[in-house]
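Student: Handing you this structure, nothing more for now.
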Amino acid sequence: MTESFRTMDLIANNGPDYEFVDAGDGRRLERFGPHVLDRPAPAALWGRERRDEWAQVDAMFERRREGGGRWKNRRKLPGSWRIAVDRLSLLIKPTGFGHIGFFPEHACHWDWCRERIKASPAPCRILHLFAYTGAMTLVAASAGAQLAHVEAVKDVNAWARDNARASGLQAASIRWLTDDAAKFVARELRRGNRYDAIVLDPPSYGRGPKGEKWVLERDLCSLLQQTLGLMTETPRFVLFTAHNPGFSPPLMANMLLPWQTRFGGAIEAGTMLLGNPACACVLPSGFYARWTPNTALGNAATKS
């Protein structure tokens, strides 16, 4: 039996304004610009390595059983601050759910996306669903892509537009859409609009701007089937990421098989990792699957 996909784990790079410091005992320690944050990491079942570094934390997030949580500051922490990551200016803002506006593990896909956008001089139209605060949108726009950025929460979309302005991309070809992902995709199908690439990072649970309920296990297959219908006849790529602990690389690769059946090409899937040369551990931070119509999938920083 021939494998339908290639397995490859990807590790995101640290930089001057972002550093994965350590993880262990169910927690993760990261530096965002000048501030060190301690957040839950259920996958970190091992002991901490760089114990002295944990004493430098500025704030830690404690999760409540009933949902949400609260930040406990050990040092004075501003309500928000900016970091420079890969030529982008991103606003970091600790929220009541423990998120801070940036998923650093997604950076392991940025060069891969740029390569595929620039592989042809023709415009690359990208549909970015569950687009959050826009880091991937801005990476793609800076490479010359035309984007439909779809995010259900109005304030988060405003956050993404603020990141675009601060990154000098306010004039980029981006449609900022506050909408329910499934409803938007259905309307695009009826309109006959088509895209060269799809990027999506669906949450386990969510609500649209009019209270529409999203449940990953219930709604994802239908959404993927519809997005397949939105592809042009010469598609560039699909990038699918998820943080649901019940998912796995084979499961996600299987969900992209319809693209391979229709267009040929290749699928690769794996775990997104965060790491630091100063410690032996790497932190599993979600899964991905990505498809391209040719077998030259490109290179990325890997550790498997």
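For every residue, the table says whether it meets (1) of a type outside the set (A, V, I, L, M, F, W, C); (2) assigned to a strand (DSSP E or B); (3) assigned by TED's automatic domain parsing to the domain that holds ALA242; (4) out of contact with any helix residue (DSSP H, G or I) (no Cβ under 6 Å at 6 or more places or on another chain).
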residue: GLU66; (1), (2), (3), (4): yes, no, no, yes
residue: TRP71; (1), (2), (3), (4): no, yes, no, yes
residue: LYS76; (1), (2), (3), (4): yes, no, no, yes
residue: GLY79; (1), (2), (3), (4): yes, no, no, yes
residue: ILE83; (1), (2), (3), (4): no, yes, no, yes
residue: PHE97; (1), (2), (3), (4): no, no, no, yes
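Student: Working carefully through the options GLY26, GLY15, GLY101, find the one that is of a type in the set (Gly, Ala, Ser) and crowded, with 16+ Cβ neighbours inside 10 Å.
Tutor: Going through GLY26, GLY15, GLY101 in turn, the sole match is GLY101.
Student: Going by the structure shown, is TRP214 of a type in the set (Phe, Trp, Tyr), outside the structural domain of GLY67 (by TED's automatic domain parsing) and part of a helix (DSSP H, G or I)?
Tutor: So TRP214 fails the test.
Student: Restricting to the range 249-269, and then to whatever is on the phi < 0 side of the Ramachandran plot and outside any helix (DSSP H, G or I), can you tell me which residue is farthest from the chain's Cα centre (by Cα)?
Tutor: ALA266
Student: Follow-up. For the list (1) touching a Cys at 6+ places or on another chain (Cβ under 6 Å); (2) free of Cβ contacts under 8 Å to residues at least 40 places away in the same chain, I need the number of the one condition that VAL36 fails.
Tutor: (1)
Student: Can we say LEU230 is closer than 22 Å to GLY26 by Cα and out of contact with any Gly (no Cβ under 9 Å at 6 or more places or on another chain)?
Tutor: no
Student: Within the bounds of the range 66-83, is there any residue that is touching a Ser or Thr at 6+ places or on another chain (Cβ under 7 Å) and of a type outside the set (S, T, N, Q)?
Tutor: Yes, that holds for at least one residue.
Student: Let me ask you something else. When you go through ILE126, ILE117 one by one, which is the residue that is hydrophobic (A, V, I, L, M, F, W, C), assigned to a strand (DSSP E or B) and touching a residue at least 12 places away in the same chain (Cβ under 8 Å)?
Tutor: Going through ILE126, ILE117 in turn, the sole match is ILE126.
Student: So which of GLU49, GLU62, GLU66 is free of Cβ contacts under 8 Å to residues at least 60 places away in the same chain and touching a strand residue (DSSP E or B) at 6+ places or on another chain (Cβ under 9 Å)?
Tutor: Sole residue among the options that is free of Cβ contacts under 8 Å to residues at least 60 places away in the same chain and touching a strand residue (DSSP E or B) at 6+ places or on another chain (Cβ under 9 Å): GLU62.
Student: In the range 235-248, which residue that is of a type outside the set (Ser, Thr, Tyr) and assigned to a loop (DSSP other than H, G, I, E, B) is surrounded by the most Cβ atoms within 10 Å (Cβ to Cβ)?
Tutor: Applying the filter and picking the extreme gives ARG236.
Student: Are any of the residues in the range 269-290 assigned by TED's automatic domain parsing to the domain that holds CYS113, more than 30 Å from LEU29 (Cα to Cα) and not β-branched (Val, Ile, Thr)?
Tutor: no
Student: Residues to consider are LEU257, LEU228, LEU239; find the one that is closer than 29 Å to ASN193 by Cα and either free of Cβ contacts under 8 Å to residues at least 40 places away in the same chain or in the same structural domain as ARG28 (by TED's automatic domain parsing) (or both).
Tutor: LEU228
Student: A further question follows. How many residues are assigned to a loop (DSSP other than H, G, I, E, B) and either without any contact (Cβ under 8 Å) to a residue 12 or more places away in the chain or of a type in the set (A, V, I, L, M, F, W, C) (or both) when one looks only at the range 176-211?
Tutor: Number of matching residues: 2.
Student: Taking the stated definitions as given, is ALA160 buried (at least 21 other Cβ atoms within 10 Å of the Cβ) and either touching a helix residue (DSSP H, G or I) at 6+ places or on another chain (Cβ under 9 Å) or over 24 Å from ILE267 (Cα atoms) (or both)?
Tutor: yes
Student: Now for a different question. Which of the residues belonging to the range 66-91 are surrounded by 17 or more Cβ atoms within 10 Å (Cβ to Cβ), of a type in the set (Gly, Ala, Ser) and in contact with an Asp or Glu (Cβ under 9 Å, 6 or more places away or on another chain)?
Tutor: Matches in the range 66-91: GLY69 only.
The values are calculated or read from the model by the stated rules, or taken from the named source; none is laboratory data. What you are looking at is a predicted structure, and each value in this text was computed from that prediction instead of being measured. Counting neighbours? That spans all protein chains shown, and the Cβs are built from the backbone with ideal geometry, glycine included.
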